[in-house]
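For reference, the structure is listed below as structure tokens.
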Amino acid sequence: MTRGMPAPSTPQLSLFDEPTPADAAPAAPAPQAHAAPSAPSIPSPPAVPLAAVLAPAVFRHPNAQREIRLREHTVAYALRRARRKSIGFVVGIEGLSVAAPKWVGIGEIESALREKGDWILRKLAEQQERAQRLQAAKVDWRDGTGIPFLGETVIIVLDVRAGLTRGGAVLNTDAEALPGVPRLTLHVGLPHTATPEQIRDVVQSWLQRQARRVFEERLTHFAQQLGVRYTRLSLSSAQTRWGSAGADGAIRLNWRLIHFAMPQIDYVVAHELAHLREMNHSARFWDVVRSVMPDYEQVRSTLKDDVLPVFD
């Protein structure tokens, strides 16, 4: 069950529940059929493992008890003894975690780590880059800050006059803005002495209201196209799910989708509504999604790669 969501009373499927391949070394290539002789060509240089081109680095988990040298790199990892039959590796934003049975010795654990060294180093480098992107994505809640809204940048303007309006925030659009210059400003009904927490709370409430409005419009649109009926919409703040669908027709969508452009929102909406026809991730299910969104695979990839603004 995803943290931050209540236990469902009916079967549910989340957006990214489809199975993913286990972490393993690439399979050996299949043998190729013999072809007729051709003109000699210059052989390509052999592929160089990522670990070999990384500058020597230190990757340290905050709860590390042990460390190991992988290639020229130092990896300090957190080791946990668990009731399991094999050694498991998890590379997260904090670093490398290892879970191993009580009866497995340190030598065997580190032998397994060296065997998976290239994979571990590659994942650590990816997570390090992601951590840097997350750090850069932290919002500085003040007058003039920009945040993504429907795929564009909206500039926050502290304006006490906006406090007289319902919701305490007003979106203004500058149709004559120059290319590359944000055309959207969100006038927030707070004084310039407002704290970052006050600004964040007003902006977040406004974004959540916009999310519900947009999601309801797109659910109505795609439900008609797919010939399905959803029973209710609720907003989620889950960390690892964009959406879920219940067998009773209940749809749950992450309000943070409002940061994305409409194609990404439409994909998640269509995905969840498609579950009301196919409560699985079979080929038939993807055919249903494709029927209303032929380019869903390209749009879906952007949801996995993009880093959203960090509000806290």
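The values are calculated or read from the model by the stated rules, or taken from the named source; none is laboratory data. Since we're looking at a predicted model, the values are computed, not measured. Virtual Cβ from ideal backbone geometry, glycine too; neighbours counted across all protein chains shown. Note: areas computed on protein heavy atoms with side chains; ligands, DNA, RNA excluded. Shrake-Rupley method; radii C 1.70, N 1.55, O 1.52, S 1.80 Å.
Counting only protein heavy atoms and using a 1.4 Å probe, the accessible area of residue 184 comes to about 10 Å².
Rounded to the nearest 20 debye, the dipole magnitude of the range 100-153 is 120 debye, with +1 charges on Lys and Arg beta carbons, -1 on Asp and Glu beta carbons, and the Cα centre as origin. Under 5 Å between amide hydrogens, built in the peptide plane, is the criterion, and for residue 70 it picks out 75 among residues at least 5 positions away or on other chains.
Give 85/123; 102/123; 123/304 a once-over and call out the pairs whose C-alpha atoms are over 20 Å from each other. Display every interim value, and only then the final one.
Working: 85/123 24 Å; 102/123 26 Å; 123/304 15 Å.
Result: 85/123; 102/123 exceed 20 Å.
How much of the DSSP beta bridge set in the range 179-312 is antiparallel, as a percent to the nearest 5? Of those bridges, close to 40 percent are antiparallel. Since only 156, 173, 246 are under comparison, the one whose Cα sits farthest along the positive direction of the charge dipole of the range 135-264, derived from C-beta charges on Lys, Arg, Asp and Glu, is 246. For the pair residue 217 and residue 290 in one chain, pulling the backbone fully straight at 0.36 nm per residue adds 24.3 nm over the alpha carbon distance. With 0.36 nm allotted per residue and the present C-alpha distance subtracted, the residue 138-residue 114 stretch has 5.1 nm of extension available. Shown are 304, 85, 123, whose ranking by accessible area with a 1.4 Å probe and every protein chain present, most to least, is 85, 304, 123.
Computed from the C-beta positions of residue 85 and residue 208 and an R0 of 41 Å, the FRET efficiency is 0.40 to the nearest 0.05. Average projection, convex hull of the Cα set of the range 91-241: 16.0 square nanometres.
Shown in residue order for the range 91-103 are the 3J(HN,Hα) couplings computed by the Karplus curve 6.51 cos²θ - 1.76 cosθ + 1.60 at θ = phi - 60°: 10, x, 5, 8, x, 8, 10, 10, 10, 9, x, 5, 7 Hz (x for Gly and Pro). Extending 7 Å from the Cα toward the beta-carbon at both residue 94 and residue 122 defines two label points whose distance is 2.6 nm. Couplings 3J(HN,Hα) for the range 56-71, derived from phi with the Karplus relation 6.51 cos²θ - 1.76 cosθ + 1.60 (θ = phi - 60°), are x, 9, 10, 10, 10, 6, x, 9, 5, 10, 9, 9, 9, 9, 10, 6 Hz, where x marks Gly and Pro.
Label-to-label distance, residue 172 versus residue 66, with points set 7 angstrom from Cα along the beta-carbon direction: 6.2 nm. Using all pairs of distinct alpha-carbon atoms, the Kirkwood hydrodynamic radius of the range 172-231 works out to 14.7 angstrom.
How big is the charge dipole of the range 193-242 about its Cα centre, in debye rounded to the nearest 20, if each Lys and Arg gets +1 on its Cβ and each Asp and Glu gets -1 on its Cβ? Walk me through the numbers before you get to the answer.
On the way: 8 positive and 4 negative charges, 44 e Å.
It works out to roughly 220 debye.
From largest accessible area down, sort 312, 143; use a 1.4 Å probe on the protein chains. Each step should come with its number before you reach the end.
Details: 312 145, 143 60 Å².
Highest to lowest solvent-accessible surface, that is 312, 143.
Relative to one another, the C-alpha centroids of the range 110-127 and the range 236-250 are positioned 33 Å apart. Between 104, 92, 78, the Cα set farthest toward the positive side of the dipole of the range 49-175 (charges on each charged residue's Cβ, about the Cα centre) is that of 104.
For the range 200-312, the Kirkwood hydrodynamic radius comes to 14.4 Å, computed from all pairs of different C-alpha atoms. Ordering 234, 291 by accessible surface, largest first, gives 291, 234; the 1.4 Å probe counts only protein heavy atoms, with every chain in place.
Amide H to amide H, with H built 1.01 Å from N, residue 278 comes under 5 Å of no residue 5 or more places away or on another chain. Potential lengthening of the chain between residue 232 and residue 102 amounts to 42.0 nm, from the contour at 0.36 nm per residue minus the alpha-carbon distance.
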